[in-house]
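The values are calculated or read from the model by the stated rules, or taken from the named source; none is laboratory data. What you see is a predicted model; the values in this text were computed from it and never measured. All Cβ positions, glycine included, derive from the backbone under ideal geometry; neighbour counts span all protein chains shown.
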Amino acid sequence: MKYVVALVVGLLFGALVFVVGLIYNPFVSKQNLSPVTVTSLQTITLSFSGAATDSIVLTNNGESDTTPYPEKVLQLWERPIRQSTVMVTVLRDGLNRTAGIGVKISSLSEDTDLLAAKALVDSVWYMYLPGKGAYFVEQTENYWSYLRQVVLAAHRSSANVWKGNWYMDTTFGPGALRTAKVTAGSGPFEGREMLGVESLTTFVYSVNDGPVSAQGRFIIELPPTPEADPES
Amino acid sequence: MRQYWLAQTTGENALLRTFIVGILLGIAAAAGALYAYPAVDQHRELSIISVLPNGGNTESFHINVPMDRIMIGAPGQPEPLPAGMLWPADEILADVRTELFKIRNSRDKVVGVAVRNAAKDGGTDLLDWVLHLPARGSVFVNMSPDAMQGGYRIGKFRAGTHEFAPLTGTMTESWIVDTTGGEEAPDGRIELFLRFVNDEEPTE
């Protein structure tokens, strides 16, 4: 009997060791900076708030860490869309002026592989920038480091809040070197395909409300041609 | 005494060995479970696709209005949808109307979400749709803002992701008024009809 007990306790302890090893795996490095963030080509840099209450509308299944906003927004509770989140936000330029409207639709990715430190989200952006056209962005994002260093840290905190300064390029693909694919639907770059990268800086995360203070940024690398300059 | 001590030690060693084997099995079982069972499994409704005589495909979606409308983003609305939404009052967004919907397949099951953006950019009207079906991918369509004879609008696929990435085609948008008169019937529905072909070379 004592051997059975020892085996079961060992099994449970082994599973626990595995989970702890997975979370604190020292061989998983933080994602490197994307080449788009240091490009010498012209870029459009857009920023937006990462906090739900600063967005125009944010909706999900109502059970996620991030609380839908405003309170009475229709939630995505039907099975095919209950692992999705939609955020509508104001996009701001480098001078913090309103540049346009952005709608981000994200769904948990079936390519998620926790063994390989990939907590993936498939997301698309629709960005409309008056005077500069409409853009469609396709990307896969990896939130593994975010989950590990921010979300889990908030859950471990006795106040259920994480405070700090956490920055990462969240874009993980589908382009080479972890870049997003941007298609211009109208405007000066109509029909052109470009590269982009999204990054997130989190300052405060609450277990109850999700990101309370966070700043997102999206950089679009413009094509290297004379017509790339919208002023010309 | 020595025999007792040896027996005791052997028994403890066997117990320790069992415990260590348990740990190894626990690690292997946890890793195996994580490998075998997907962490994310999106629910799929059956795709209801018809094949055209020319080899292309068609698929239709619809939006029951007002039930499936999540947001109407436009300036100066007396009753914003959703209630409590604050649409930015910036001059630059004065001619923008952004709407969010849930979209349904032809069996009336919700299968995704959609964005419709209408704007006047300088002298040009612009109308875009993005349809997002989590288990299948997304499609970005540029519509012609002018209605065709018959009251529908037509647009071209501009980009797609996952299942829609290799596809080219068109989408029509039309408004169908509800004539059933039922108490819980919608005011009407927006019909989205997609015709597409796969441009990818077939794999051998």
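Here's the yes/no breakdown for (1) of a type in the set (Asp, Glu); (2) touching a residue at least 40 places away in the same chain (Cβ under 8 Å); (3) under 30 Å from B:Gly26 (Cβ atoms):
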{"residue": "A:Val4", "(1), (2), (3)": "no, no, yes"}
{"residue": "A:Ile23", "(1), (2), (3)": "no, yes, yes"}
{"residue": "A:Leu33", "(1), (2), (3)": "no, yes, no"}
{"residue": "A:Val36", "(1), (2), (3)": "no, yes, no"}
{"residue": "A:Gln75", "(1), (2), (3)": "no, no, no"}
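The residues of the stretch B:55-105 that are surrounded by fewer than 19 Cβ atoms within 10 Å (Cβ to Cβ) and in contact (Cβ under 8 Å) with a residue 40 or more places away in the chain, listed by number, are B:Gly55, B:Gly56, B:Asn57, B:Thr58, B:Glu59, B:Ser60, B:Val65, B:Pro66, B:Met67.
Among the conditions (1) buried (at least 21 other Cβ atoms within 10 Å of the Cβ); (2) of a type outside the set (S, T, N, Q); (3) in contact with an Asp or Glu (Cβ under 9 Å, 6 or more places away or on another chain); (4) within 27 Å of B:Leu131 (Cβ to Cβ), the only one that A:Asp111 does not satisfy is (1).
Given the criteria of a type outside the set (Lys, Arg), out of contact with any helix residue (DSSP H, G or I) (no Cβ under 7 Å at 6 or more places or on another chain) and buried (at least 20 other Cβ atoms within 10 Å of the Cβ), does A:Ala184 qualify? So that I can check it myself, show each step before the final result.
Working: of a type outside the set (Lys, Arg): yes; out of contact with any helix residue (DSSP H, G or I) (no Cβ under 7 Å at 6 or more places or on another chain): yes; buried (at least 20 other Cβ atoms within 10 Å of the Cβ): yes.
Against the criterion (of a type outside the set (Lys, Arg), out of contact with any helix residue (DSSP H, G or I) (no Cβ under 7 Å at 6 or more places or on another chain) and buried (at least 20 other Cβ atoms within 10 Å of the Cβ)), A:Ala184 qualifies.
Whenever a residue of the stretch A:85-112 is farther than 18 Å from A:Pro211 by Cα and more than 7 Å from every other protein chain (Cβ to nearest Cβ), its partners that are modelled with pLDDT under 95 and assigned to a loop (DSSP other than H, G, I, E, B), lying with C-beta atoms within less than 8 angstrom and at least six residues away or across chains, give the pairs A:Ala99/A:Asp93; A:Ala99/A:Lys132; A:Gly100/A:Pro130; A:Gly100/A:Lys132.
Restricting attention to the stretch B:15-43 and to residues that are at pLDDT 85 or above and more than 7 Å from chain A (Cβ to nearest Cβ), the residue that is nearest to B:Arg136 (Cα to Cα) turns out to be B:Ala33. B:Gly151 fulfils the conditions (1) in contact (Cβ under 8 Å) with a residue 40 or more places away in the chain; (2) in contact with a Ser or Thr (Cβ under 9 Å, 6 or more places away or on another chain); (3) under 19 Å from B:Ile176 (Cα atoms) except for a single criterion, (1).
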